[in-house]
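Trainee: Just passing along the structure, written as structure tokens.
What follows draws every value from the coordinates through simple rules; no lab data is involved. All values reported here derive from a predicted model rather than from experimental measurement. Counting neighbours? That spans all protein chains shown, and the Cβs are built from the backbone with ideal geometry, glycine included.
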């Protein structure tokens, strides 16, 4: 029996028969790296297309011309929002709504940038008496420019409860001269929304 086993030989194997497998490709990954205070404002574009804009006053949707030049020639508070942040996102909108009159009192503007244009936003605005302006960044181009969104570093790998890739909840104050004079990103949702700091940065008017 042992002799019979020892006499068995595997068939000769030709290395040329191995076909290379090209199914696996290496992809460069880029970690989220949000811009911060002191940085120059990244080059980004806001389109005048009315479909990209939605404005509310005291909860009611309003319609009017988009005055981009006037908006960018003043201090501008930009905040990134997604409905997929659920209660965190709604709380952000409420906090922004609470300070929007003070921001305008400093002759500045406030803009919320969202990737989704959803019907329920009208209900949220109505239920919470919001006076906010929204710009819809469907391809997340603006969010990517600010470093708060990356295809290769999705949010759902970092935060429990978010199952799609969305921009960070980030707020910036931008000066008319093109500098970021304030940034706030609550990575762990453990910080109090810095209303006073945002208003102080707007008042600097650098």
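Trainee: Peptides 63-69, 140-146, 53-59: what's the order by average Cβ count within 10 Å, highest mean first? Please list the in-between numbers first.
Mentor: Values: 63-69: 10.0, 140-146: 19.1, 53-59: 16.6.
Per-residue Cβ counts within 10 Å, averaged per peptide and sorted highest first, yield 140-146, 53-59, 63-69.
Trainee: Just to be sure I understand: of the beta bridges DSSP finds with both ends in segment 54-204, what percent are antiparallel, rounded to 5?
Mentor: 60 percent
Trainee: With N set to the residue count of segment 54-204, report its C-alpha Rg divided by 2.2 N^0.38 Å to two decimal places.
Mentor: 1.00
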